[in-house]
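In what follows, a structure is listed as structure tokens, so that the remarks can point back to it.
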Amino acid sequence: MAALSAHPFLFALLFIVGAAQLGLIAYNLFLFENDGYPSNAYKERFRYLLFCSAWTVILALVHYFMAAFIGAFLTFITWVLWLVGAILFHLVKYRGPCDGSTRCILLKVIDTLDWIAFGIALLAFLAIGYHVHGSRGRRTYRDGLYA
């Protein structure tokens, strides 16, 4: 089994942030389904972020069983997903004033966790790149690709 041993801490953080985001978004979807959405854009952004969170949790759980290049590619996709999600949610969230209610605070927490997940995914991608680049010089043509 070729484990990506250079950065298990980053993927543990990514799992924690993704799981927290998954719970918060599911809770907000439940609240908005009962009370109604402020706009259709909120509904679309929440569903997109729910997908990003589920994708991140699954990636963080299975990344130890992937080859380094596949892990790097999927982590790059995760980084792009969080970048798009964070920007889109940030734009829709700040259309109205925040009155200090619980829902408003939850929206701020979700927005903050979006950017945190984006940053951790970027650091994980860079760590995989460093791991792959660092292991390239120690191999010969007879060694396996991921020895």
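The numbered conditions (1) part of a loop (DSSP other than H, G, I, E, B); (2) under 30 Å from Y130 (Cβ atoms) are all true for Y37 except (2). Considering the range 103-143, and only residues there that are loosely packed, with under 13 Cβ neighbours inside 10 Å, at pLDDT below 80 and not in a loop (DSSP other than H, G, I, E, B), the residue that is farthest from the chain's Cα centre (by Cα) turns out to be R136. The conditions of being at pLDDT 75 or above, touching a Lys or Arg at 6+ places or on another chain (Cβ under 6 Å), more than 24 Å from F9 (Cβ to Cβ) and surrounded by fewer than 17 Cβ atoms within 10 Å (Cβ to Cβ) are met by L88. In the range 6-35, which residue that is more than 27 Å from L126 (Cβ to Cβ) and free of Cβ contacts under 8 Å to residues at least 24 places away in the same chain is surrounded by the fewest Cβ atoms within 10 Å (Cβ to Cβ)? Out of the qualifying residues, it is N34.
The condition of being under 17 Å from L113 (Cβ atoms) and touching a residue at least 60 places away in the same chain (Cβ under 8 Å) holds for only one of L49, L81, that being L49. Entry remark, the range 40-79: residues being of a type outside the set (G, A, S) and not in a helix (DSSP H, G or I) number 1 in total. I need the full set of residues from the range 46-61 which are surrounded by fewer than 16 Cβ atoms within 10 Å (Cβ to Cβ) and more than 16 Å from I25 (Cβ to Cβ), in order please. L61 - this is the single residue of the range 46-61 that is surrounded by fewer than 16 Cβ atoms within 10 Å (Cβ to Cβ) and more than 16 Å from I25 (Cβ to Cβ). Count of the range 62-76 residues, restricted to those that are surrounded by 14 or more Cβ atoms within 10 Å (Cβ to Cβ) and without any contact (Cβ under 8 Å) to a residue 60 or more places away in the chain, is 5.
The values are calculated or read from the model by the stated rules, or taken from the named source; none is laboratory data. Because the structure is a prediction, the values reported are computed rather than measured. Positions of Cβ are backbone-derived with ideal geometry, glycine not excepted, and every protein chain shown enters the neighbour counts.
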